[in-house]
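Notes follow once the structure below has been shown.
Read-outs throughout are calculated quantities, based only on the coordinates presented, and are distinct from any laboratory measurement. None of the values given here were measured: they were computed from a predicted structure. Positions of Cβ are generated from backbone atoms using ideal geometry, with glycine treated the same way; all protein chains shown enter the neighbour counts.
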Amino acid sequence: MNGIIKNKSFITLMMAQAISGIGDWLSIVAIITLVGLKWNASPIEVSLIILCLAVPMALLGPVAGTVADRFSRKALMITSDLVRSGLILVLTVADTIWVVYICLFTIGVFSAVFIPAKNGKLKELVVQNDMKSAMSITSMIDSSTKIMGPLLSGVLVTAFGTKPVFYIDSVTFFISALLILFLPGLVQSVEEDNGNEDRTDTSFKKDFLVGLTFIKSNTYILVGMFFLGFSLLILQLSDSQIIVLIRELTTASPDLFGYIVTSSGIGMFLSGLLLAKKTNYNAFALLLIGVCGMGLSFGIIAVLTYFDVRFSVIWGPLLGMLAGFSVSLVFIPFQASVQIETPVHMTGRVFGVINSVTTTATIIGPLLGGWLSTILGVVPTFMITSSLLVLVSLIGFFTKSKIERSKKDVTESQQGTPKATTS
């Protein structure tokens with residue numbers, strides 16, 4: 001933990017992530033306010049806002065990951081931030097919803113490039129022994145921005161309107177690009193790990209296929225990604241319907257949804273803090289415990305809602321915190337393990353595929369959840385989610401020994417260290 005805190009390049013990258021992360025949430029709340037309240041958009045038009053951001057990441061994840069491995073990750077991140085900064089400014093003069101859609105879709109494309117480039121750069125900057133702590137800190141920043149961003153945006157939009165919020169968001173992307181400018185270039189030992197190959201001598205298609213072959217050949221990453229994606233898909237069946245579930249309570253507080261969301265972010269932060277300090281964990285076991293914890297929290301909240309138990313303002317946030325804590329147990333150990341398992345020159349491709357899988361789950365899950373809630377009811381949907389998550393975790397525990405044996409057969413990747421850099 002002490003080593004990662006002393007890593008100035010890592011701290012700089014995390015500062016850029018935190019600033020742009022808050023900016024992301026500022027703009028999302030402002031856009032929904034603009035389109036939903038001022039332009040009186042329909043529910044479908046509002047839902048397309050999120051899809052415009054998510055679809056490019058779902059479709060282009062593997063391709064964007066290949067781009068992140070072929071070109072300078074530092075240059076890609078800076079370019080992505082500057083382009084997104086300019087596109088956010090376009091939103092200040094947008095007069096039709098189609099301009100908003102086009103801007104958001106393009107922002108999604110450059111975000112799809114930024115994420116694997118950032119994960120690849122993280123692999124370059126952090127030594128292997130500190131990787132678990134690094135991934136925990138990254139998750140803590142994500143959960144913190146999810147709490148602070150919407151709250152801050154709500155205050156700013158109420159006080160000043162949407163345009164000033166877009167200007168602020170544009171500035172956050174610019175500051176992020178400025179911070180990334182101070183990161184070192186390609187790490188010398190990374191060049192050695194990559195065999196000093198000239199990336200222009202290989203085709204894009206070949207690099208893309210090599211990345212997919214690596215993932216398919218690594219049973220641990222492949223199985224872990226399946227459990228992660230499938231669990232996230234199941235989770236999203238109900239996660240998107242929490243506000244509908246709350247409506248089933250007769251004495252629910254009007255602010256209960258906000259309390260649950262905030263407490264889940266706090267749970268994610270606490271889990272990240274714990275994993276940053278205690279790094280000698282079994283990644284796959286924690287992933288399965290996290291899946292089971294999510295299932296139990298959703299099942300309990302469904303049962304308490306069904307029986308209309310009082311004091312929801314107490315048990316709702318507590319279960320939200322348990323769910324958030326469990327989510328981090330799923331994501332952090334798996335992503336840290338992937339960083340350790342993956343050769344540095346393939347990190348972009350691997351995380352591009354993972355990002356595509358998780359984003360696809362977050363798109364399909366809410367659609368299925370809405371359909372199930374309409375057909376069966378929201379409480380049965382939550383119980384189905386709970387049962388499936390617990391079942392997935394049990395299957396994982398029964399197959400755990402076989403999966404971990406396959407992990408031992410995989411050659412440990414060489415980690416790039418920031419000993420020297422090239423311009």
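Lys pairs in the range 200-407, Cα-Cα under 21 Å, at least 8 apart or on separate chains: how many?
5
Tally Lys and Arg at +1 and Asp and Glu at -1 over the other residues with C-beta under 11 Å from the C-beta of residue 24: what net charge comes out?
On the way: positive: 84, 146; negative: 142, 169.
Residues close to residue 24 contribute a combined charge of 0.
Work from the charge dipole of the chain (Cβ charges, +1 for Lys and Arg, -1 for Asp and Glu, about the Cα centre) and give the residue of 61, 340, 265 farthest towards its positive end.
340
Of 175, 110, 287, which is farthest towards the positive pole of the chain's charge dipole, taken about the Cα centre with +1 and -1 on the beta-carbons of Lys, Arg and Asp, Glu respectively?
287
With a point put 7 Å past each Cα toward its Cβ, work out how far residue 391 is from residue 212 in nm, to one decimal.
Placing both labels 7 Å along Cα→Cβ, they lie 3.0 nm apart.
Only Cα pairs under 8 Å and at least 6 apart count here; give the relative contact order of the range 200-407 as a rounded whole percent. Each step should come with its number before you reach the end.
On the way: 253 pairs, mean separation 82.0, N = 208.
This gives 39 percent for the range 200-407.
Note down the magnitude of the dipole of the chain about its Cα centre, charges +1 on Lys and Arg C-beta and -1 on Asp and Glu C-beta and zero elsewhere, to the nearest 20 debye.
Computed about the Cα centre, the dipole is about 480 debye.
Across the chain, where is the longest run that never hits chymotrypsin sites (Phe, Trp or Tyr not before Pro) in a DSSP loop with at most 10 other C-beta atoms within 10 Å?
In short, 1-306.
With N set to the number of residues, divide the alpha-carbon radius of gyration of the chain by 2.2 N^0.38 Å and report two decimals.
In units of the globular-protein estimate, the chain measures up at 0.97.
With labels modelled as points extended 7 Å from the Cα through the Cβ direction, what inter-label distance (nm, one decimal) is found for residue 92 paired with residue 278?
4.8 nm
For residue 185, what residues show an amide H to amide H distance below 5 Å, using hydrogens built from the backbone and excluding near sequence neighbours?
422
Can you give me the span-like helices of the chain, meaning DSSP H runs with 27 Å or more of Cα extent along the axis and Kyte-Doolittle mean at or above -1.0? Let's see the in-between values first.
On the way: long enough: 8-33 (38 Å, 1.32); 43-70 (40 Å, 1.51); 97-125 (41 Å, 1.24); 131-160 (41 Å, 0.89); 162-181 (29 Å, 1.51); 219-239 (29 Å, 1.66); 256-277 (32 Å, 1.44); 283-306 (35 Å, 2.16); 312-341 (43 Å, 1.35); 347-375 (42 Å, 0.98); 378-408 (43 Å, 0.78).
Span-like helices in the chain: 8-33, 43-70, 97-125, 131-160, 162-181, 219-239, 256-277, 283-306, 312-341, 347-375, 378-408.
What is the sum of charges, Lys and Arg at +1 and Asp and Glu at -1, for the other residues whose Cβ falls under 15 Å from the Cβ of residue 378?
The answer is -2.
Can you spot the lysines whose alpha carbon is less than 24 Å from residue 163's alpha carbon? Ignore those fewer than 8 places along the same chain.
38, 146
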